[in-house]
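Notes follow once the structure below has been shown.
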Amino acid sequence: MYLLIGVGYILLYNTYMKDFDYLGEGEVYLDSACQSLRPRPVIEALNKYYTEHNSCGERVKYEWGKITDEKVESTREKVLKFLKLSPRKYNTSFTLNTTYGINLILSQIKTREFKKIMTSEIEHNSPFLSSIAFSARTELPREVMKRNDDGSINVSDYDFNKAVVVVNCAANFDGRKLLNIKELVKAVHKAGGIIIIDAAQAMAHSADIVRGVEADAICFSAHKMYAPSLGVIVWNNDLVDKLNVGFIGGGMVDDVEKDKYLLSAENKEHRYTRFEAGLQAWGEIVGFGAAIDWLEKLPKSGWKNLEDNASELYDFLASSDKVHLINTEPNPTMSFYVKGLDSHLLGEALSREGIMARTGYFCVHYYLSHILGLPPLIRFSLSLANTKEDIEKIKKTLQKILY
Ligand SMILES: Cc1ncc(COP(=O)(O)O)c(C=O)c1O
């Protein structure tokens, strides 16, 4: 009986691993925190769009356009289901990436309704820089909150009165999560503020942290969750009351007169158009729908494989006297440096062995370089595409380089 379950596990695991069969012999991809590899069904969905129903969404009456519309509509629905958010309260709009989504919202905020902008010290430059620019432009003060080692924020230490808060719910250098995200959202709302969650690093492997969280907006990048390059803003209906219309164009209006226009988003069926100026990346949106299906259908053995691989690599790194590991617990994303060895040189040495890892500060300059005073790091970000053989190869190669 146990043997049968075991064999079943292996068969399911082998089935989904075939979706990455384009990887060359010995190639080990460890940069999924930047953009994940795309499984075959996602690439096929994208191909199918280009070869079978290449068309503008939401505006054409010919048959190809109808197929695109159905698939795009279905992707919007899948996103809300994936995040366990009600379609009565939330909308899904598409953009370019997380950075664009955050900037798009911040650039339209009715500043007279707010008193300050707040972010946290472990942010990616995407919210970090946009909050600096927001403060400079609006002359509203900016506050940088501390994050505990476990990723949480001591909510009672801060005054969120009429604050615009923008924070991540998972960090991109060690995957630490905003464990008390619900408490934070509640405190911000109670104080009359709004909160934008940067979920770029949560959506692929830790979506539970943000599921059902009623933030004002959740921004993320589909390209970090096995999908084509695409940004996503999931936003609460009430958010638009706090925004001016500051970025507008085709696809957003139902009528235009000499000096005024009628926004399509006034119709609640088309609210999502509020952030979608101009032609969208229809093929990528369709591919994103396929990526969500792929993630939802992934066998449990896939998730277990990822967890086991992360633990094994973490244990290996944590036990080396030459490695300074940033993580305090296993996570598919881990960063470290080797004492006395330049991380960029190490990255190049790994690359010569077919191992693709990132080096530097991963757009977290303030925290990693200025607060922690660390040298440039090397980051391994594992994904569902990594095999046990990959982990063995990484360990062996590091052993050879370090000792
Ligand atoms: C936590 C976090 N936020 C924001 C971003 C920016 O994502 P993008 O470059 O797709 O806009 C990243 C990218 O790595 C990230 O890790």
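Quick look at the numbers
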item: Tally, over segment 136-195, of residues that are without any contact (Cβ under 8 Å) to a residue 60 or more places away in the chain, of a type in the set (S, T, N, Q) and buried (at least 16 other Cβ atoms within 10 Å of the Cβ); result: 4
item: Set 317, 295: member being of a type in the set (A, V, I, L, M), within 20 Å of the chain's Cα centre (by Cα) and in a helix (DSSP H, G or I); result: 295
item: Which listed residue, of 260, 268, is over 16 Å from residue 203 (Cα atoms), at pLDDT below 95 and surrounded by fewer than 19 Cβ atoms within 10 Å (Cβ to Cβ); result: 268
item: Checklist (1) more than 20 Å from residue 362 (Cβ to Cβ); (2) over 18 Å from the mean Cα position of the chain (by Cα); (3) not in a loop (DSSP other than H, G, I, E, B) applied to residue 144, failing item; result: (1)
item: Selection from segment 112-136 of residues that are farther than 20 Å from residue 157 by Cα, within 12 Å of the ligand (Cβ to nearest atom) and small (Gly, Ala, Ser); result: 126, 130
item: Residue satisfying all of: in segment 27-63; within 16 Å of the ligand (Cβ to nearest atom) and in a loop (DSSP other than H, G, I, E, B); surrounded by the most Cβ atoms within 10 Å (Cβ to Cβ) among these; result: 33
item: Residue list for segment 156-209, filter: within 12 Å of the ligand (Cβ to nearest atom), under 22 Å from residue 142 (Cβ atoms) and in a strand (DSSP E or B); result: 166, 167, 168, 196, 197, 198
item: Residue 357 being hydrophobic (A, V, I, L, M, F, W, C), within 19 Å of the chain's Cα centre (by Cα), within 16 Å of the ligand (Cβ to nearest atom) and closer than 20 Å to residue 312 by Cα; result: yes
item: Residue list for segment 86-99, restricted to those being crowded, with 19+ Cβ neighbours inside 10 Å and under 17 Å from the mean Cα position of the chain (by Cα); result: 92, 93, 94, 95, 97, 98, 99
item: In segment 64-108, the residues that are over 17 Å from residue 240 (Cβ atoms), within 16 Å of the ligand (Cβ to nearest atom) and not in a helix (DSSP H, G or I); result: 96, 97
item: In segment 326-351, the residues that are of a type in the set (Gly, Ala, Ser) and over 14 Å from residue 401 (Cβ atoms); result: 335
item: Residue count, segment 214-250 (criterion: closer than 21 Å to residue 79 by Cα and more than 16 Å from the ligand (Cβ to nearest atom)); result: 8
item: Matching option when the condition is under 27 Å from residue 21 (Cβ atoms) and either out of contact with any Gly (no Cβ under 6 Å at 6 or more places or on another chain) or basic (Lys, Arg) (or both), among 390, 321, 315; result: 390
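The values are calculated or read from the model by the stated rules, or taken from the named source; none is laboratory data. Just so it is clear, the model here is predicted, and its values are computed rather than measured. Positions of Cβ are generated from backbone atoms using ideal geometry, with glycine treated the same way; all protein chains shown enter the neighbour counts.
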